[in-house]
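Visitor: Take a look at this one; I'll ask things after.
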Amino acid sequence: MERNLKNVLVISFGFLLLFTAYGGLQNLQSSLHSEEGLGVASLSVLYAALILSSMFLPPILIKKLGCKWTIAGSMCCYTTFSLGNFYPSWYTLIPTSVILGLGGAPLWSAKCTYLTIAGNSYAEKAEKNGKDIINQYFGVFFLIFQSSGIWGNLISSLIFSQASAKVEISEENLACCGAYDCMTDTTNTTGPAEPSNSLIYTLLGIYTASGVLAVLLIAIFLDEIKSDQAETEKEILETPSFWSTFLATFQHLKDKRQCLLIPLTMYSGFEQGFLSGDYTKTYVTCALGIHYVGYVMICFSAVNSLCSLLVGKISQFTGRKLLFALATVTNTTCIIALLLWKPHPKQLALFFTFPALWGLSDAIWQTQTNGLYGILFEKHKEAAFANYRLWESFGFVMAFGYSTKLQVYMKLYILLSVLVLSMVTYGAVEYLEAKSSLGTPTATKKENVGPLTQEIHM
(Lines give C-alpha, C1' and ligand atoms only; values in the text may rest on other atoms or scores of the structure.)
Protein backbone atom coordinates (compact mmCIF):
# COMPACT_ATOMS: atom_id res chain seq x y z
CA MET A 1 0.00 0.00 0.00
CA GLU A 2 1.23 3.49 -0.83
CA ARG A 3 2.69 4.86 2.41
CA ASN A 4 0.80 8.18 2.44
CA LEU A 5 -2.52 6.36 1.99
CA LYS A 6 -1.56 4.04 4.85
CA ASN A 7 -1.00 7.07 7.07
CA VAL A 8 -4.37 8.52 6.04
CA LEU A 9 -6.07 5.25 7.04
CA VAL A 10 -4.20 5.19 10.37
CA ILE A 11 -5.36 8.71 11.20
CA SER A 12 -8.91 7.94 10.03
CA PHE A 13 -9.29 4.82 12.17
CA GLY A 14 -7.59 6.54 15.10
CA PHE A 15 -10.19 9.30 14.98
CA LEU A 16 -12.93 6.70 14.53
CA LEU A 17 -11.90 4.93 17.75
CA LEU A 18 -11.46 8.19 19.66
CA PHE A 19 -14.78 9.77 18.67
CA THR A 20 -16.71 6.52 19.01
CA ALA A 21 -15.96 7.03 22.70
CA TYR A 22 -16.27 10.80 22.95
CA GLY A 23 -19.38 11.18 20.79
CA GLY A 24 -21.33 8.54 22.70
CA LEU A 25 -20.22 9.97 26.03
CA GLN A 26 -21.13 13.55 25.10
CA ASN A 27 -24.71 12.57 24.25
CA LEU A 28 -25.10 10.89 27.66
CA GLN A 29 -23.70 13.69 29.84
CA SER A 30 -27.02 15.41 30.57
CA SER A 31 -28.68 12.07 31.41
CA LEU A 32 -25.88 10.35 33.33
CA HIS A 33 -24.86 13.35 35.42
CA SER A 34 -28.04 15.37 35.87
CA GLU A 35 -27.45 16.19 39.56
CA GLU A 36 -27.00 19.97 39.84
CA GLY A 37 -26.50 20.08 36.08
CA LEU A 38 -23.00 18.59 36.30
CA GLY A 39 -23.16 16.94 32.86
CA VAL A 40 -24.11 20.00 30.83
CA ALA A 41 -21.86 22.22 32.96
CA SER A 42 -18.91 20.02 31.98
CA LEU A 43 -19.82 20.40 28.30
CA SER A 44 -20.09 24.18 28.66
CA VAL A 45 -16.65 24.33 30.28
CA LEU A 46 -15.31 22.02 27.57
CA TYR A 47 -16.32 24.34 24.74
CA ALA A 48 -15.08 27.40 26.62
CA ALA A 49 -11.67 25.72 26.89
CA LEU A 50 -11.88 24.89 23.19
CA ILE A 51 -12.27 28.59 22.39
CA LEU A 52 -9.08 29.42 24.28
CA SER A 53 -7.30 26.45 22.75
CA SER A 54 -8.21 27.55 19.22
CA MET A 55 -6.66 30.96 19.82
CA PHE A 56 -3.33 29.91 21.28
CA LEU A 57 -2.27 26.26 21.23
CA PRO A 58 -2.32 24.68 17.72
CA PRO A 59 0.63 26.54 16.10
CA ILE A 60 2.76 26.24 19.23
CA LEU A 61 2.22 22.50 19.83
CA ILE A 62 2.52 21.45 16.19
CA LYS A 63 5.73 23.43 15.83
CA LYS A 64 7.26 21.95 19.00
CA LEU A 65 5.99 18.35 18.81
CA GLY A 66 5.23 17.81 15.14
CA CYS A 67 1.90 16.60 13.77
CA LYS A 68 2.16 12.96 14.87
CA TRP A 69 2.86 13.59 18.55
CA THR A 70 0.44 16.52 18.70
CA ILE A 71 -2.30 14.15 17.53
CA ALA A 72 -1.26 11.45 20.01
CA GLY A 73 -0.99 13.89 22.92
CA SER A 74 -4.32 15.54 22.13
CA MET A 75 -5.99 12.11 21.99
CA CYS A 76 -4.70 11.51 25.53
CA CYS A 77 -6.61 14.65 26.57
CA TYR A 78 -9.82 13.09 25.26
CA THR A 79 -9.15 9.85 27.12
CA THR A 80 -8.83 11.70 30.45
CA PHE A 81 -12.45 12.82 30.01
CA SER A 82 -13.56 9.17 29.87
CA LEU A 83 -11.57 8.49 33.04
CA GLY A 84 -13.17 11.48 34.78
CA ASN A 85 -16.61 9.97 34.18
CA PHE A 86 -15.76 6.93 36.33
CA TYR A 87 -16.05 9.09 39.46
CA PRO A 88 -18.19 12.04 38.34
CA SER A 89 -18.01 15.14 40.51
CA TRP A 90 -17.22 18.81 40.11
CA TYR A 91 -13.62 17.98 41.03
CA THR A 92 -13.18 15.35 38.31
CA LEU A 93 -15.41 16.23 35.37
CA ILE A 94 -14.69 19.95 35.19
CA PRO A 95 -10.87 19.62 35.16
CA THR A 96 -11.00 16.77 32.61
CA SER A 97 -13.39 18.85 30.48
CA VAL A 98 -10.85 21.68 30.48
CA ILE A 99 -8.10 19.24 29.47
CA LEU A 100 -10.22 17.84 26.63
CA GLY A 101 -11.12 21.33 25.41
CA LEU A 102 -7.48 22.39 25.37
CA GLY A 103 -6.60 19.29 23.35
CA GLY A 104 -9.43 19.68 20.83
CA ALA A 105 -8.08 22.46 18.63
CA PRO A 106 -4.49 21.07 18.34
CA LEU A 107 -5.93 17.66 17.44
CA TRP A 108 -7.93 18.92 14.47
CA SER A 109 -5.28 21.38 13.34
CA ALA A 110 -2.58 18.71 13.41
CA LYS A 111 -4.81 16.30 11.49
CA CYS A 112 -5.52 18.89 8.79
CA THR A 113 -1.83 19.82 8.57
CA TYR A 114 -0.71 16.20 8.31
CA LEU A 115 -3.22 15.30 5.58
CA THR A 116 -2.32 18.44 3.64
CA ILE A 117 1.41 17.67 3.78
CA ALA A 118 0.81 14.01 2.86
CA GLY A 119 -1.37 15.01 -0.08
CA ASN A 120 1.11 17.54 -1.42
CA SER A 121 3.98 15.08 -0.98
CA TYR A 122 2.27 12.33 -2.96
CA ALA A 123 1.06 14.77 -5.64
CA GLU A 124 4.61 16.00 -6.16
CA LYS A 125 5.95 12.46 -6.60
CA ALA A 126 3.09 11.37 -8.84
CA GLU A 127 3.05 14.67 -10.74
CA LYS A 128 -0.61 15.23 -9.96
CA ASN A 129 -2.64 18.21 -8.76
CA GLY A 130 -2.08 18.70 -5.03
CA LYS A 131 -5.63 19.92 -4.32
CA ASP A 132 -7.11 16.82 -5.95
CA ILE A 133 -5.04 14.45 -3.80
CA ILE A 134 -5.76 16.44 -0.63
CA ASN A 135 -9.51 16.32 -1.36
CA GLN A 136 -9.25 12.55 -1.86
CA TYR A 137 -7.47 12.12 1.46
CA PHE A 138 -10.04 14.23 3.30
CA GLY A 139 -12.80 12.27 1.58
CA VAL A 140 -11.36 8.98 2.85
CA PHE A 141 -10.96 10.47 6.32
CA PHE A 142 -14.55 11.69 6.68
CA LEU A 143 -15.98 8.54 5.09
CA ILE A 144 -14.47 6.51 7.94
CA PHE A 145 -14.71 9.12 10.68
CA GLN A 146 -18.40 10.02 10.36
CA SER A 147 -19.49 6.48 11.22
CA SER A 148 -18.22 7.08 14.78
CA GLY A 149 -21.57 8.63 15.68
CA ILE A 150 -23.25 5.33 14.89
CA TRP A 151 -20.85 3.02 16.74
CA GLY A 152 -20.53 5.11 19.92
CA ASN A 153 -24.28 5.46 20.35
CA LEU A 154 -24.92 1.83 19.44
CA ILE A 155 -22.52 0.64 22.14
CA SER A 156 -24.23 2.75 24.83
CA SER A 157 -27.72 1.59 23.89
CA LEU A 158 -26.79 -2.09 23.73
CA ILE A 159 -25.12 -1.94 27.14
CA PHE A 160 -27.86 0.05 28.91
CA SER A 161 -30.56 -2.17 27.42
CA GLN A 162 -29.12 -4.98 29.58
CA ALA A 163 -30.70 -3.40 32.66
CA SER A 164 -33.10 -6.07 33.89
CA ALA A 165 -35.40 -3.97 36.04
CA LYS A 166 -38.18 -2.12 34.28
CA VAL A 167 -40.27 0.61 35.85
CA GLU A 168 -43.75 1.47 34.70
CA ILE A 169 -43.91 5.14 33.84
CA SER A 170 -46.75 6.92 35.57
CA GLU A 171 -48.72 9.66 33.87
CA GLU A 172 -47.62 11.99 36.66
CA ASN A 173 -43.96 11.38 35.81
CA LEU A 174 -44.62 11.72 32.09
CA ALA A 175 -46.09 15.17 32.78
CA CYS A 176 -42.56 16.25 33.72
CA CYS A 177 -41.20 15.29 30.30
CA GLY A 178 -41.06 17.59 27.30
CA ALA A 179 -41.11 21.37 26.94
CA TYR A 180 -42.73 22.07 30.30
CA ASP A 181 -40.42 19.92 32.36
CA CYS A 182 -40.51 20.11 36.14
CA MET A 183 -36.87 21.19 36.46
CA THR A 184 -36.19 18.05 38.51
CA ASP A 185 -34.05 14.99 37.97
CA THR A 186 -36.43 12.88 35.93
CA THR A 187 -33.74 10.39 35.00
CA ASN A 188 -34.06 8.41 38.21
CA THR A 189 -37.82 8.21 38.43
CA THR A 190 -39.07 7.44 34.95
CA GLY A 191 -38.52 4.87 32.25
CA PRO A 192 -36.36 1.82 32.79
CA ALA A 193 -34.50 1.85 36.07
CA GLU A 194 -31.36 3.91 36.27
CA PRO A 195 -28.51 1.79 34.88
CA SER A 196 -26.46 0.07 37.53
CA ASN A 197 -22.93 1.16 38.32
CA SER A 198 -21.63 -2.06 36.78
CA LEU A 199 -23.24 -1.23 33.42
CA ILE A 200 -21.97 2.35 33.57
CA TYR A 201 -18.46 1.15 34.39
CA THR A 202 -18.63 -1.40 31.57
CA LEU A 203 -19.56 1.34 29.10
CA LEU A 204 -16.86 3.69 30.38
CA GLY A 205 -14.33 0.85 30.26
CA ILE A 206 -15.12 0.23 26.59
CA TYR A 207 -14.95 3.94 25.79
CA THR A 208 -11.63 4.34 27.65
CA ALA A 209 -10.16 1.29 25.90
CA SER A 210 -11.28 2.71 22.56
CA GLY A 211 -9.46 5.97 23.34
CA VAL A 212 -6.29 4.16 24.45
CA LEU A 213 -6.31 2.06 21.25
CA ALA A 214 -6.58 5.29 19.24
CA VAL A 215 -3.49 6.70 20.95
CA LEU A 216 -1.53 3.46 20.43
CA LEU A 217 -2.57 3.26 16.78
CA ILE A 218 -1.21 6.76 16.14
CA ALA A 219 1.94 6.32 18.24
CA ILE A 220 2.93 2.97 16.69
CA PHE A 221 1.73 3.05 13.09
CA LEU A 222 1.64 6.71 12.02
CA ASP A 223 4.82 7.83 10.28
CA GLU A 224 6.41 11.08 11.35
CA ILE A 225 6.80 13.76 8.71
CA LYS A 226 10.00 13.12 6.83
CA SER A 227 12.87 15.56 6.90
CA ASP A 228 12.28 16.55 3.29
CA GLN A 229 8.78 17.61 4.28
CA ALA A 230 9.85 19.70 7.26
CA GLU A 231 9.97 22.89 5.23
CA THR A 232 6.42 22.28 4.00
CA GLU A 233 5.23 21.85 7.58
CA LYS A 234 7.09 25.00 8.64
CA GLU A 235 5.49 27.00 5.84
CA ILE A 236 2.01 25.77 6.75
CA LEU A 237 2.48 26.75 10.37
CA GLU A 238 4.26 30.05 9.90
CA THR A 239 2.48 31.53 6.90
CA PRO A 240 0.77 33.56 8.17
CA SER A 241 2.46 33.77 11.56
CA PHE A 242 0.64 32.80 14.72
CA TRP A 243 0.27 36.32 16.04
CA SER A 244 -0.81 37.76 12.71
CA THR A 245 -3.52 35.06 12.46
CA PHE A 246 -4.57 35.68 16.05
CA LEU A 247 -4.91 39.42 15.49
CA ALA A 248 -6.53 38.91 12.10
CA THR A 249 -9.31 36.90 13.79
CA PHE A 250 -10.50 40.01 15.61
CA GLN A 251 -9.57 42.48 12.88
CA HIS A 252 -11.83 40.49 10.59
CA LEU A 253 -14.80 41.72 12.64
CA LYS A 254 -14.35 45.06 10.88
CA ASP A 255 -15.99 43.38 7.91
CA LYS A 256 -19.71 44.13 8.16
CA ARG A 257 -20.62 40.77 6.62
CA GLN A 258 -18.69 38.87 9.29
CA CYS A 259 -20.56 40.69 12.04
CA LEU A 260 -23.88 39.93 10.36
CA LEU A 261 -22.99 36.23 10.19
CA ILE A 262 -22.32 35.94 13.94
CA PRO A 263 -25.95 35.03 14.84
CA LEU A 264 -26.07 32.33 12.15
CA THR A 265 -22.74 30.90 13.31
CA MET A 266 -23.80 30.90 16.96
CA TYR A 267 -27.11 29.26 16.03
CA SER A 268 -25.12 26.23 14.85
CA GLY A 269 -23.84 25.81 18.41
CA PHE A 270 -27.26 26.49 19.94
CA GLU A 271 -29.12 23.90 17.88
CA GLN A 272 -26.51 21.16 18.32
CA GLY A 273 -26.31 21.90 22.03
CA PHE A 274 -30.09 21.63 22.40
CA LEU A 275 -30.28 18.26 20.69
CA SER A 276 -27.43 16.61 22.61
CA GLY A 277 -28.09 18.32 25.95
CA ASP A 278 -31.85 18.88 26.26
CA TYR A 279 -33.67 16.64 23.80
CA THR A 280 -31.77 13.54 24.91
CA LYS A 281 -32.55 14.16 28.58
CA THR A 282 -35.97 15.81 28.76
CA TYR A 283 -37.67 13.93 25.95
CA VAL A 284 -35.85 10.63 25.35
CA THR A 285 -34.42 9.65 28.74
CA CYS A 286 -37.41 11.01 30.63
CA ALA A 287 -40.09 9.18 28.64
CA LEU A 288 -38.28 6.12 27.26
CA GLY A 289 -35.14 5.59 29.33
CA ILE A 290 -31.45 6.26 28.92
CA HIS A 291 -30.89 3.16 26.77
CA TYR A 292 -32.85 4.83 23.94
CA VAL A 293 -30.53 7.85 23.75
CA GLY A 294 -28.01 5.98 21.62
CA TYR A 295 -30.60 4.71 19.15
CA VAL A 296 -32.10 8.19 18.74
CA MET A 297 -28.69 9.79 18.16
CA ILE A 298 -27.78 7.07 15.66
CA CYS A 299 -30.81 8.22 13.68
CA PHE A 300 -29.53 11.81 13.83
CA SER A 301 -25.97 10.85 12.82
CA ALA A 302 -27.06 8.63 9.93
CA VAL A 303 -29.43 11.24 8.44
CA ASN A 304 -26.87 14.00 9.02
CA SER A 305 -24.10 12.13 7.19
CA LEU A 306 -26.34 11.14 4.27
CA CYS A 307 -27.78 14.62 3.89
CA SER A 308 -24.33 16.24 4.10
CA LEU A 309 -23.39 14.30 0.98
CA LEU A 310 -26.68 15.02 -0.81
CA VAL A 311 -26.74 18.72 0.11
CA GLY A 312 -23.32 19.23 -1.46
CA LYS A 313 -24.60 17.85 -4.75
CA ILE A 314 -28.05 19.47 -4.66
CA SER A 315 -26.60 22.91 -3.87
CA GLN A 316 -25.05 23.03 -7.34
CA PHE A 317 -28.56 23.25 -8.76
CA THR A 318 -30.57 25.05 -6.05
CA GLY A 319 -28.05 27.51 -4.60
CA ARG A 320 -27.61 28.17 -0.91
CA LYS A 321 -30.66 30.44 -0.42
CA LEU A 322 -33.22 27.69 -1.00
CA LEU A 323 -31.28 25.30 1.20
CA PHE A 324 -31.10 27.82 4.04
CA ALA A 325 -34.85 28.35 3.63
CA LEU A 326 -35.44 24.58 3.85
CA ALA A 327 -33.33 24.31 7.02
CA THR A 328 -35.17 27.28 8.56
CA VAL A 329 -38.61 25.84 7.84
CA THR A 330 -37.57 22.38 9.09
CA ASN A 331 -36.06 23.68 12.34
CA THR A 332 -38.94 26.09 12.97
CA THR A 333 -41.47 23.29 12.48
CA CYS A 334 -39.54 21.05 14.88
CA ILE A 335 -39.27 23.76 17.54
CA ILE A 336 -43.00 24.54 17.42
CA ALA A 337 -43.85 20.82 17.48
CA LEU A 338 -41.56 20.24 20.47
CA LEU A 339 -43.31 23.08 22.31
CA LEU A 340 -46.68 21.39 21.77
CA TRP A 341 -45.74 17.72 22.04
CA LYS A 342 -46.16 15.79 25.28
CA PRO A 343 -43.81 12.81 24.85
CA HIS A 344 -45.32 9.39 25.56
CA PRO A 345 -43.76 5.91 25.16
CA LYS A 346 -46.62 4.89 22.86
CA GLN A 347 -45.48 7.51 20.30
CA LEU A 348 -42.13 5.81 19.66
CA ALA A 349 -41.81 6.91 16.02
CA LEU A 350 -41.92 10.59 17.00
CA PHE A 351 -38.83 10.23 19.19
CA PHE A 352 -36.89 9.32 16.03
CA THR A 353 -38.68 11.73 13.69
CA PHE A 354 -37.36 14.83 15.43
CA PRO A 355 -33.65 13.87 15.35
CA ALA A 356 -34.04 12.78 11.72
CA LEU A 357 -35.43 16.19 10.74
CA TRP A 358 -32.80 17.84 12.95
CA GLY A 359 -30.11 15.87 11.11
CA LEU A 360 -31.41 17.19 7.77
CA SER A 361 -31.34 20.81 8.89
CA ASP A 362 -28.00 20.47 10.69
CA ALA A 363 -26.43 19.06 7.52
CA ILE A 364 -27.51 22.23 5.71
CA TRP A 365 -26.33 24.54 8.49
CA GLN A 366 -22.88 22.92 8.58
CA THR A 367 -22.14 22.52 4.88
CA GLN A 368 -23.69 25.74 3.64
CA THR A 369 -22.39 27.99 6.41
CA ASN A 370 -18.87 26.63 5.91
CA GLY A 371 -19.28 27.15 2.18
CA LEU A 372 -20.64 30.66 2.68
CA TYR A 373 -17.59 31.63 4.73
CA GLY A 374 -15.28 30.20 2.08
CA ILE A 375 -16.99 32.16 -0.70
CA LEU A 376 -17.48 35.51 1.03
CA PHE A 377 -14.02 35.66 2.60
CA GLU A 378 -11.92 33.91 -0.03
CA LYS A 379 -8.94 36.18 0.55
CA HIS A 380 -9.07 35.90 4.36
CA LYS A 381 -10.01 32.26 4.92
CA GLU A 382 -7.86 31.74 8.04
CA ALA A 383 -9.36 34.68 9.92
CA ALA A 384 -12.87 33.88 8.68
CA PHE A 385 -12.84 30.25 9.79
CA ALA A 386 -11.21 31.21 13.07
CA ASN A 387 -14.26 33.43 13.65
CA TYR A 388 -16.51 30.55 12.62
CA ARG A 389 -14.98 28.25 15.26
CA LEU A 390 -15.02 31.04 17.85
CA TRP A 391 -18.68 31.99 17.52
CA GLU A 392 -19.99 28.47 17.07
CA SER A 393 -18.14 27.36 20.21
CA PHE A 394 -19.58 30.39 22.00
CA GLY A 395 -23.04 29.18 20.98
CA PHE A 396 -22.29 25.78 22.53
CA VAL A 397 -21.07 27.42 25.73
CA MET A 398 -24.25 29.48 26.08
CA ALA A 399 -26.58 26.57 25.22
CA PHE A 400 -25.00 24.26 27.78
CA GLY A 401 -24.44 27.10 30.25
CA TYR A 402 -28.12 27.99 30.76
CA SER A 403 -29.32 24.40 30.28
CA THR A 404 -29.94 23.72 33.99
CA LYS A 405 -31.31 27.19 34.77
CA LEU A 406 -34.26 27.36 32.38
CA GLN A 407 -37.22 25.18 31.53
CA VAL A 408 -37.10 23.53 28.12
CA TYR A 409 -39.88 25.69 26.64
CA MET A 410 -37.80 28.81 27.40
CA LYS A 411 -34.79 27.26 25.67
CA LEU A 412 -36.96 26.50 22.65
CA TYR A 413 -38.15 30.11 22.51
CA ILE A 414 -34.52 31.27 22.73
CA LEU A 415 -33.59 28.84 19.94
CA LEU A 416 -36.43 30.13 17.77
CA SER A 417 -35.47 33.76 18.44
CA VAL A 418 -31.83 33.16 17.51
CA LEU A 419 -32.98 31.36 14.35
CA VAL A 420 -35.18 34.28 13.30
CA LEU A 421 -32.38 36.77 14.02
CA SER A 422 -29.96 34.57 12.07
CA MET A 423 -32.16 34.59 8.99
CA VAL A 424 -32.64 38.36 9.17
CA THR A 425 -28.90 39.02 9.37
CA TYR A 426 -28.17 36.36 6.75
CA GLY A 427 -30.68 38.06 4.46
CA ALA A 428 -28.80 41.31 5.00
CA VAL A 429 -25.56 39.60 3.92
CA GLU A 430 -27.21 38.31 0.73
CA TYR A 431 -28.57 41.82 0.08
CA LEU A 432 -25.10 43.33 0.46
CA GLU A 433 -23.66 40.68 -1.88
CA ALA A 434 -26.37 41.27 -4.49
CA LYS A 435 -25.84 45.02 -4.25
CA SER A 436 -22.08 44.52 -4.63
CA SER A 437 -22.60 42.26 -7.67
CA LEU A 438 -24.79 44.88 -9.35
CA GLY A 439 -22.10 47.46 -8.76
CA THR A 440 -19.49 45.17 -10.31
CA PRO A 441 -20.95 43.73 -13.53
CA THR A 442 -17.81 41.79 -14.38
CA ALA A 443 -17.69 40.01 -11.06
CA THR A 444 -18.02 36.29 -11.25
CA LYS A 445 -20.95 34.98 -9.26
CA LYS A 446 -20.24 32.12 -6.90
CA GLU A 447 -23.71 31.27 -5.75
CA ASN A 448 -23.54 27.53 -5.73
CA VAL A 449 -21.58 25.58 -3.18
CA GLY A 450 -20.13 22.29 -4.32
CA PRO A 451 -19.56 19.28 -2.13
CA LEU A 452 -17.86 20.46 1.02
CA THR A 453 -16.00 18.70 3.73
CA GLN A 454 -18.15 19.00 6.82
CA GLU A 455 -16.22 20.53 9.68
CA ILE A 456 -16.31 18.48 12.86
CA HIS A 457 -16.28 20.78 15.91
CA MET A 458 -14.65 18.51 18.40
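The values are calculated or read from the model by the stated rules, or taken from the named source; none is laboratory data. Remember, predicted model here, so these are calculated numbers, not experimental data. As a convention, Cβ positions derive from the backbone with ideal geometry for all residues, glycine included, and neighbour counts pool all protein chains shown. Accessible surface areas use protein heavy atoms only, side chains included; no ligands, DNA or RNA. Shrake-Rupley method; radii C 1.70, N 1.55, O 1.52, S 1.80 Å.
Visitor: Taking the Cα atoms only, what angle lies between the long axis of helix 293-318 and the longest principal axis of the chain, rounded to 10 degrees?
Guide: For helix 293-318, the angle is close to 40 degrees.
Visitor: To test your reading of the geometry: what angle, between 0 and 90 degrees and rounded to tens, separates the Cα axis of helix 3-32 from the longest principal axis of the chain?
Guide: For helix 3-32, the angle is close to 30 degrees.
Visitor: Report, to the nearest whole %, how much of the accessible area of the chain belongs to carbon and sulfur atoms, 1.4 Å probe, protein only.
Guide: 66 percent
Visitor: Is the shape of segment 244-437 rounded, prolate or oblate, going by the alpha carbon gyration tensor and its root eigenvalues a ≥ b ≥ c, with a/c under 1.5 for rounded and a/b larger than b/c for prolate?
Guide: In terms of gyration-tensor shape, prolate.
Visitor: Using label points projected 7 Å from each Cα along Cα→Cβ, tell me how many nm separate residue 417 and residue 332, to one decimal.
Guide: So the label points at residue 417 and residue 332 sit 1.8 nm apart.
Visitor: Would you mind checking which residues have amide H under 5 Å from residue 33's amide H? H placed 1.01 Å from N; only 5 or more apart, or other chain.
Guide: So residue 33 has HN proximity to 39.
Visitor: Provide the packing ranking of 402-410, 108-116, i.e. peptides ordered by the mean count of other C-beta atoms within 10 Å per residue, highest first.
Guide: Highest mean packing first, the order is 108-116, 402-410.
Visitor: Moving to a separate point now. If you filter segment 337-432 for GluC sites (Glu not before Pro), then keep DSSP loop positions with at most 11 other Cβ within 10 Å, what is left?
Guide: In loop regions of segment 337-432 (DSSP not H, G, I, E or B), there are no sparsely surrounded GluC sites (Glu not before Pro).
Visitor: Short version: ³J(HN,Hα) in whole Hz for each residue of segment 138-145, in order, from phi by Karplus 6.51 cos²θ - 1.76 cosθ + 1.60 (θ = phi - 60°), x for Gly and Pro, what are they?
Guide: 5, x, 4, 4, 6, 4, 7, 4
Visitor: Related question: Output the 0 to 90 degree angle, nearest 10, between the alpha-carbon long axis of helix 262-274 and the longest principal axis computed from the alpha carbons of the chain.
Guide: Rounded to the nearest ten degrees, it is 40.
Visitor: So, one more: Could you list, by residue number, the cysteines of the chain that have no other cysteine's beta carbon within less than 4.7 Å of their beta carbon?
Guide: 67, 76, 77, 112, 259, 299, 307, 334
Visitor: Set the Förster distance to 25 Å, then compute FRET efficiency between residue 438 and residue 381 from the Cβ-Cβ distance, nearest 0.05.
Guide: Efficiency for this residue pair is about 0.50.
Visitor: Would you mind working out the accessible area per residue for the chain, using a 1.4 Å probe, and quoting it in Å²?
Guide: Averaged over the residues of the chain, the accessible area is 43 Å².
Visitor: Determine ³J(HN,Hα), in whole Hz, for all residues of segment 339-354 in sequence, where each value follows from phi through the Karplus function 6.51 cos²θ - 1.76 cosθ + 1.60 and θ = phi - 60°; x replaces Gly and Pro.
Guide: 5, 8, 7, 9, x, 9, x, 6, 9, 4, 4, 5, 5, 9, 5, 5
Visitor: Select from 134, 88, 31 the residue farthest towards the positive end of the dipole of the chain; place +1 on Cβ of Lys and Arg, -1 on Cβ of Asp and Glu, and compute about the Cα centre.
Guide: Projecting each Cα onto the dipole axis, the largest value belongs to 134.
Visitor: Starting from the residue with the highest accessible area, list 207, 292 in decreasing order, probe 1.4 Å.
Guide: Order by accessible area, largest first: 292, 207.
Visitor: A further question on this structure: Which of 256/321; 313/342; 68/256 have a Cα-Cα distance over 27 Å?
Guide: Long pairs (Cα-Cα over 27 Å): 313/342; 68/256.
Visitor: Over the chain, calculate the relative contact order: mean separation of alpha carbon pairs under 8 Å at least 6 apart, over the residue count, as a percent.
Guide: Once divided by the residue count of the chain, the mean separation gives 25 percent.
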